[in-house]
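Take a look at the structure below.
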Amino acid sequence: QVQLVESGGGLVQPGGSLRLSCAASGSDFSDYNMYWYRQGPGEQRDLVARVTSTYSTLYADSVKGRFTISRDNSKKTVYLRMNSLKPEDTAVYFCYAALYGRSYWGQGTQVTVSS
């Protein structure tokens, strides 16, 4: 069993930056592929970024060059650094962990980009 707790969301002006954190409990964190998803109001939940157990990364086209996903296995934490934020980045951001058919979601953290 893995529990995921996101933090770091908030209100930021366009062009600003935030860093989201997702702290995991349980064992085998280093084996999990870790993801960030987001869900805007009235929208589906979409993939933002992924980092695998071997540190391979992938990004949605809409965030390439602005967001960076990283992980620290010693802290059982995955991060999402978000720069040059836009109003369309406003969403609830969810952390997701997956390994061999087991998967877990965090509760989400709200990011609002507005002046």
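The values are calculated or read from the model by the stated rules, or taken from the named source; none is laboratory data. Owing to the predicted nature of the structure, the values given are computational and were not obtained by experimental measurement. Cβ placement follows ideal geometry from the backbone for every residue including glycine, while neighbour counts extend to all protein chains displayed. Remember, those area values only see protein heavy atoms, side chains included, never the ligands or the DNA or RNA. Shrake-Rupley method; radii C 1.70, N 1.55, O 1.52, S 1.80 Å.
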Query raised in the report: From the set of residues in region 47-83 that are touching a Lys or Arg at 6+ places or on another chain (Cβ under 6 Å) and without any contact (Cβ under 8 Å) to a residue 40 or more places away in the chain, which is surrounded by the most Cβ atoms within 10 Å (Cβ to Cβ)?
Result: Val51
Query raised in the report: Which residues, counting only those in region 45-91, are farther than 14 Å from Ser17 by Cα and hydrophobic (A, V, I, L, M, F, W, C)?
Result: Leu47, Val48, Ala49, Val51, Leu58, Ala60, Val78, Ala91
Requested in this report: Identify all residues within region 80-115 that are more than 30 Å from Ser27 (Cα to Cα), among the polar types (S, T, N, Q) and not in a strand (DSSP E or B); write none if there are none.
Outcome: Asn83, Ser84, Thr90, Ser114, Ser115
Requested in this report: Please work out if Asp89 is open to solvent by less than 20 Å² (accessible area, probe 1.4 Å) and over 10 Å from the mean Cα position of the chain (by Cα).
Outcome: yes
Report summary line: Note on region 92-115: residues surrounded by 15 or more Cβ atoms within 10 Å (Cβ to Cβ) and touching an Asp or Glu at 6+ places or on another chain (Cβ under 8 Å) are Tyr93, Phe94, Cys95, Leu99, Gly106, Gly108, Thr109, Val111, Val113
Requested in this report: Assess whether Ser7 counts as being within 13 Å of Met82 (Cα to Cα), of a type in the set (S, T, N, Q) and either surrounded by 14 or more Cβ atoms within 10 Å (Cβ to Cβ) or out of contact with any His (no Cβ under 6 Å at 6 or more places or on another chain) (or both).
Outcome: no
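Listed here are the residues, each with its yes/no results for (1) more than 21 Å from Thr68 (Cβ to Cβ); (2) without any contact (Cβ under 8 Å) to a residue 60 or more places away in the chain; (3) open to solvent by 50 Å² or more (accessible area, probe 1.4 Å); (4) not β-branched (Val, Ile, Thr).
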position: Val2; (1), (2), (3), (4): yes, no, no, no
position: Pro14; (1), (2), (3), (4): no, no, yes, yes
position: Leu18; (1), (2), (3), (4): no, no, no, yes
position: Ala23; (1), (2), (3), (4): no, yes, no, yes
position: Gly26; (1), (2), (3), (4): yes, yes, no, yes
position: Asn33; (1), (2), (3), (4): no, no, no, yes
position: Arg38; (1), (2), (3), (4): no, no, no, yes
Report summary line: All conditions in (1) modelled with pLDDT of 95 or more; (2) out of contact with any Leu (no Cβ under 8 Å at 6 or more places or on another chain); (3) within 24 Å of Gln1 (Cβ to Cβ) are true of Val63 except (3)
